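First the structure, in the form of structure tokens, and then the observations on it.
Coordinate-derived values only; no laboratory data. In this text, all values refer to a predicted model and were calculated from it rather than measured experimentally. Every residue, glycine as well, gets a Cβ built from its backbone with ideal geometry; the counts of neighbours run over all protein chains shown.
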Amino acid sequence: MKVDFFKVEVVPHNPTWKDAFITESKQISLALGENCVAVHHIGSTAIPEIYAKPIIDILLEVKDIIKVDEQSSKLEILGYEVMGEYGICDRRYFRKHNDAGMRTHHIHAFSVGSMQIERHLAFRDYMIAHSEDAQKYSDLKRELAKKYPDNIESYMDGKDCFIQEIDRKAAEWRKIC
């Protein structure tokens, strides 16, 4: 059962998110077999000590993105809803809900070499390495969730400029690391 209404809620970092990612990544890897090159934990649940929506974001690197379409029934068996590109060219997006209808996982699949993979990993790694910026992000998310508890679009729009700035910093930082 899915709920159409999406309440915007951010919660303190939960150390069990890492284990939830590991468990899910193993199931996804088995389902996709050799097409799956790597599975990464991304998003705020992958950044220690910051508030996050309690949804595990998973980044998949695959050999063939078209083959993911052919394999999507295997992810449906794991409880994922197939969403196609869902607004991002060359991505395959899946989402999963628990029995109460609450969103629990997102999968973002891209072909190996996609710029999106590097962007997501650079963002995550930069935030882990730069706790002051991570804390600013956490504070912003808490403020936006309080301001827009019933409006996920306004919540996301409110983060956009900050995310773009961190993406820029992360790309520069990645070059020197």
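Could you list, in sequence order, the residues of region 143-165 that are of a type in the set (Phe, Trp, Tyr) and part of a helix (DSSP H, G or I)?
Hits for region 143-165 are 155, 162.
Give me the pairs, please: first residue somewhere in region 109-128 and farther than 21 Å from residue 86 by Cβ, second residue anywhere and among the hydroxyl-bearing types (Ser, Thr, Tyr) and part of a helix (DSSP H, G or I), beta-carbon distance under 7 Å, and either six or more positions apart or on two chains.
Matching pairs, first to second residue: 127/137.
Restricting the first residue to region 135-151 and requiring it to be without any contact (Cβ under 8 Å) to a residue 60 or more places away in the chain and on the phi < 0 side of the Ramachandran plot, which pairs with a second residue that is surrounded by fewer than 16 Cβ atoms within 10 Å (Cβ to Cβ) and of a type in the set (Phe, Trp, Tyr) meet a Cβ separation below 9 Å and a spacing of at least six or different chains?
Every condition considered, the pairs that remain are 136/162; 140/162.
What residue, of 69, 57, is out of contact with any Lys or Arg (no Cβ under 6 Å at 6 or more places or on another chain) and under 20 Å from residue 156 (Cα atoms)?
Unique residue meeting the criteria: 57.
Name the single residue, out of those in region 128-154 being within 29 Å of residue 177 (Cβ to Cβ) and acidic (Asp, Glu), that is farthest from the chain's Cα centre (by Cα).
132
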